[in-house]
Protein chains: 2
Amino acid sequence: MTPRLLHLKQNVLEKNDRLANGLRLRFRQAGVLVLNLVSSPGTGKTALLESTLARMRARGLRVAALVGDLATENDARRLARSGAPVRQIVTDGICHLEAEMIETHLAASRWPLAELDFLFIENVGNLVCPSGYDLGEDLRVVLLSVTEGEDKPVKYPSLFNTADVAVLTKIDLAEAVDFDRAAAYANLQAVRPGLRVFETSAKTGQGLEAWLAFLLEARTQRLAETS
Amino acid sequence: MTPRLLHLKQNVLEKNDRLANGLRLRFRQAGVLVLNLVSSPGTGKTALLESTLARMRARGLRVAALVGDLATENDARRLARSGAPVRQIVTDGICHLEAEMIETHLAASRWPLAELDFLFIENVGNLVCPSGYDLGEDLRVVLLSVTEGEDKPVKYPSLFNTADVAVLTKIDLAEAVDFDRAAAYANLQAVRPGLRVFETSAKTGQGLEAWLAFLLEARTQRLAETS
């Protein structure tokens, strides 16, 4: 990258950080726990979110989702089936979400944040671009499917390094793809020591209750911290 | 993107196009067919390449590979097992390869291009960043695994739209993931009408001979055109 391009990119990131900090303050005041889901395309962000929204709604929790994609509104349509309010952010070729997009779409949605328990942000499928863009989230969740290869954390360190928690998806396929669990965990820990890992399958439901319990506990903790 | 950033990006792309055209000329003069493999992380570019290099070498073809990654030299080590000359390009956080990197690494490799039949370039795993960067290749090959979801072509249209041929990978898992072949083909054709599609499994070997035959035929055609 040329020095001029680098300088401009730094300005963009600084502006994004300012907006993200403003969002984070609003989210905390409203008492909503915000998650930013990042992963490669096809890892299963939408499938995990579909199950999570449905299970949360079944428990009477108030949830909403913002879904980023380069093109198409497919994901929003899929997620809307859960009954939760969902809004698609079409980025028109930009390979990540930015705090400004979140601000704009929250304003347009008119969702009263204080009436939400959880807000999920599904980022654009990309293991590189989203790393530098804070969206004001409480937790950044990186997903990795067992079909992608155990080496992804060390090959895309910046994204895994900025994650607060990891979810291994499509765990029902582990055997079919000879998934090397030990290698995957070692690579995750090498890039982000102490990273908490959940194993899930949106297809069979495996691990979803533990994942849900973690989210509920995270919200309880956050509320205790800010009250 | 701000107008200034957009303008700088256009300059970068124009410079890349000039270098790529120079590379293309050199490749044609040398009689080497050059392929640029692009896909999401974990789709199986390295696995396909491993099988392709081994099978080509078994037939006495002269092949080499340049392999791009943000970090690590894992892929080059894997591919070197085929016995083919392989060189890793570590991009240090940049999410695509650029013509200048190809030029630099070809110079450093000292490979006599005229003594190669095929040069494979494995791009950084990303469904967005590589789209705009011509590397002087003859064919851009986009890979899509059956585990990623049939909707990827319409969600990442720019990359699929610039591809000359598509390879569906991990076809041995099609049944386990309820792969919807008709939907995948419809989406590929919607984004890139007439796109030729190969179905392969590096694990079982399925489809690899047809893929190889296509590559050999493409080289024969190219040589006929330029002679």
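The values are calculated or read from the model by the stated rules, or taken from the named source; none is laboratory data. Model, not experiment: these values are computed from the prediction. With ideal geometry, Cβ positions are generated from the backbone for all residues, glycine too; neighbour counts draw on all protein chains shown. The protein model used for the area step is the full one, side chains on, heavy atoms only, and it has no ligands, DNA or RNA in it. Shrake-Rupley method; radii C 1.70, N 1.55, O 1.52, S 1.80 Å.
Here the stretch A:197-211 is the region considered, the condition is being in contact (Cβ under 8 Å) with a residue 40 or more places away in the chain and not in a helix (DSSP H, G or I), and the residue that is surrounded by the most Cβ atoms within 10 Å (Cβ to Cβ) is A:Thr200.
Set side by side, the residues A:Asp151, A:Asp138 differ, and just one is out of contact with any His (no Cβ under 6 Å at 6 or more places or on another chain), open to solvent by 10 Å² or more (accessible area, probe 1.4 Å) and within 14 Å of chain B (Cβ to nearest Cβ), which is A:Asp151. Each residue in the stretch B:95-148 was checked for being of a type in the set (Val, Ile, Thr) and over 18 Å from B:Leu19 (Cα atoms), and 6 of them qualify. Could you tell me whether the stretch A:212-224 includes any residue that is touching a residue at least 24 places away in the same chain (Cβ under 8 Å) and more than 30 Å from A:Ala114 (Cα to Cα)? There is no residue in the stretch A:212-224 that is touching a residue at least 24 places away in the same chain (Cβ under 8 Å) and more than 30 Å from A:Ala114 (Cα to Cα). The lone criterion from (1) within 14 Å of chain A (Cβ to nearest Cβ); (2) out of contact with any Leu (no Cβ under 9 Å at 6 or more places or on another chain); (3) surrounded by 17 or more Cβ atoms within 10 Å (Cβ to Cβ) left unmet by B:Ala80 is number (1). For the stretch B:166-181, give me the residue count where each residue is surrounded by fewer than 19 Cβ atoms within 10 Å (Cβ to Cβ) and more than 13 Å from chain A (Cβ to nearest Cβ). The qualifying residues number 2.
Residues in the stretch A:83-98 that are surrounded by fewer than 20 Cβ atoms within 10 Å (Cβ to Cβ) and more than 21 Å from A:Tyr133 (Cα to Cα): A:Gly83, A:Pro85. When the stretch B:182-196 is filtered for residues that are of a type outside the set (Gly, Ala, Ser) and surrounded by 16 or more Cβ atoms within 10 Å (Cβ to Cβ), the ones remaining, listed by number, are B:Tyr185, B:Asn187, B:Leu188, B:Val191, B:Arg192, B:Leu195. Exactly one residue out of B:Met56, B:Met101 is in contact with a Phe, Trp or Tyr (Cβ under 7 Å, 6 or more places away or on another chain), surrounded by 18 or more Cβ atoms within 10 Å (Cβ to Cβ) and more than 10 Å from every other protein chain (Cβ to nearest Cβ), and it is B:Met56. Of the strands (runs of 3 or more DSSP E) lying entirely inside the stretch A:27-138, those carrying at least 2 residues that are under 30 Å from B:Leu70 (Cβ atoms) and within 14 Å of the chain's Cα centre (by Cα) are A:33-38, A:63-69, A:118-122. Scanning the stretch A:154-165 for residues that are among the small types (Gly, Ala, Ser) and away from chain B (no Cβ under 11 Å) returns a single hit, A:Ala163.
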